[in-house]
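Down below is the structure, laid out as structure tokens.
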């Protein structure tokens, strides 16, 4: 469940936003001013922050400046909430590192679209760039402790092949490949093909594997 911090000094607006987020299966956190918001962001490490611009004690610009100055919070997606008429000030916020802004009152579809877009972009940016060597399954045997046939299955699974395609490539039955895939999951402690593939790509991208 993605954690979203709402920093907003207007109680009704803050309550509305957190209610919408909760109904959409997010985990909302809320702060009534910028100073508390910065403290919560550092402590909770939310997946995204919605922040009002004009607030007492510390405004939105102060909040983002403080968060972008810290290694633990510098990359958290940040969306400004602005009142009408504040658009000329948006450039200043963007220059400080904001990812987007929404004008209050925020329509629910616009709010959710902006949030999901920024969360998806954050995931894409977090995925490491792999340069795997698919010439041999031996690194998967040695590093992950797999048998040769199971390692070969993982080698092709990491290249996006289906069980049927792997069976054809290796000359096995599809039921044997399925058995090997389940063994991979158990050995690696994962539950999905994607997670198994990422682990394989990490191994195959190591300097030793690239030769």
For every helix of n ≥ 4 consecutive DSSP H residues, a contribution of -39,500 (n - 2.57) applies; sum these over the chain, divide by its total residues, and give [θ] at 222 nm rounded to the nearest 500 deg cm²/dmol. -16000 deg cm²/dmol
Give me the distance between the Cα centres of segment 1-80 and segment 145-169, rounded to whole Å. 44
Average Cα contact separation per residue, segment 138-210, under 8 Å, 6 or more apart, as relative contact order %: 36
Distance (nanometres) between label positions extended 7 Å along Cα→Cβ at residue 3 and residue 121: 2.3
Along Cα→Cβ, 7 Å out, is where each label goes; now give me the distance between the ones at residue 191 and residue 13 in nm to one decimal. 3.9
Once you sort the root eigenvalues of the Cα gyration tensor of segment 3-126 as a ≥ b ≥ c, which label holds: rounded (a/c under 1.5), prolate (a/b larger than b/c) or oblate (the other case)? rounded
Point-to-point label distance, residue 44-residue 25, nm (Cα→Cβ direction, 7 Å offset): 2.0
Only counting other Cβ atoms within 10 Å, I'd like 4, 49 sorted with the fewest neighbours first. 4, 49
Gyration tensor on Cα atoms of segment 138-210, a ≥ b ≥ c root eigenvalues, a/c under 1.5 rounded, else prolate if a/b beats b/c, else oblate, says prolate
Going by C-beta contacts inside 10 Å, put 45, 131 in order with the fewest on the left. 131, 45
Cut-off is 10 Å between beta-carbons; in what order do 30, 135 appear when sorted fewest neighbours first? 135, 30
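Throughout, read-outs are computed from the coordinates displayed, never taken from laboratory work. Because the structure is predicted, anything quoted here is derived from the model rather than measured. FYI the Cβ positions are ideal-geometry reconstructions off the backbone, even for glycines, and counts take in every protein chain you see.
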